Amino acid sequence: MFKLVEIDQDEEKKVMQHIAFVVFITLMAGIMYASVFEWLFHRYVMHRPLGTFRYPFEAHTLMHHRVFKADHTYHVQHEEDKKKIPMAWWNGPVLIIVGTVPFRVKETFGLLIPRYCGLYTS
């Protein structure tokens with residue numbers, strides 16, 4: 001399947017630099033994707049009703065933003081307000097599932113991004 005090849009130290013250094021570069025680019029792309037996803041989800045799902053699915057709007061905008069606004073109340077002012085921050089137990093897993101849909105579609109249909117980034121020798 002794979003053959004082992006001997007490489008000198010200079011070549012090994014280049015390979016390690018390439019791997020570090022790929023990891024860095026992948027990390028930056030992941031952070032950018034997560035940031036854009038969060039912003040779009042927050043703006044278009046949590047701040048307006050989505051047809052008959054009103055849970056995110058009611059839980060976030062109508063409840064959370066009654067207490068926390070874009071002024072001095074942005075941070076917790078009263079101890080009892082801490083109870084209005086947490087999400088329902090199932091919100092985290094649902095957000096992860098929704099956020100990873102493009103990658104699951106890609107795996108299913110071979111779209112969007114290359115499947116693997118790596119170095120192979122033949």
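Residues are listed down the side, and each one gets a yes or a no for (1) surrounded by 11 or more Cβ atoms within 10 Å (Cβ to Cβ); (2) part of a loop (DSSP other than H, G, I, E, B); (3) at pLDDT 80 or above:
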{"site": "47", "(1), (2), (3)": "yes, yes, yes"}
{"site": "106", "(1), (2), (3)": "yes, no, no"}
{"site": "111", "(1), (2), (3)": "no, yes, no"}
{"site": "119", "(1), (2), (3)": "no, yes, no"}
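Among the residues of the range 22-40, which ones are surrounded by 11 or more Cβ atoms within 10 Å (Cβ to Cβ) and over 24 Å from residue 81 (Cα atoms)?
22, 23, 25, 26, 29, 33, 34, 37
Where residues in the range 91-101 are over 17 Å from residue 59 (Cα atoms) and touching a residue at least 40 places away in the same chain (Cβ under 8 Å), which of them is surrounded by the most Cβ atoms within 10 Å (Cβ to Cβ)?
First, pick out the residues of the range 91-101 that are over 17 Å from residue 59 (Cα atoms): 96-101.
Still in the running and touching a residue at least 40 places away in the same chain (Cβ under 8 Å): 98-99.
Working: 98: 12, 99: 14.
Out of the qualifying residues, it is 99.
Looking only at the range 1-21, which residues are surrounded by 10 or more Cβ atoms within 10 Å (Cβ to Cβ) and not in a loop (DSSP other than H, G, I, E, B)?
Across the range 1-21, the qualifying residues are 11, 12, 13, 14, 15, 16, 17, 18, 19, 20, 21.
What number goes with the only condition from (1) touching a Gly at 6+ places or on another chain (Cβ under 9 Å); (2) of a type outside the set (Lys, Arg); (3) without any contact (Cβ under 8 Å) to a residue 60 or more places away in the chain that residue 19 does not pass?
Single failed check for residue 19: (3).
Report, ordered by the first and then the second residue, all pairs with beta carbons closer than 7 Å, sequence separation of six or more or different chains, a first member in the range 64-90 that is under 19 Å from residue 48 (Cβ atoms), and a second member that is surrounded by 10 or more Cβ atoms within 10 Å (Cβ to Cβ) and not hydroxyl-bearing (Ser, Thr, Tyr).
64/84
The values are calculated or read from the model by the stated rules, or taken from the named source; none is laboratory data. These numbers were taken from a predicted model, which means no experiment stands behind them. Positions of Cβ are backbone-derived with ideal geometry, glycine not excepted, and every protein chain shown enters the neighbour counts.
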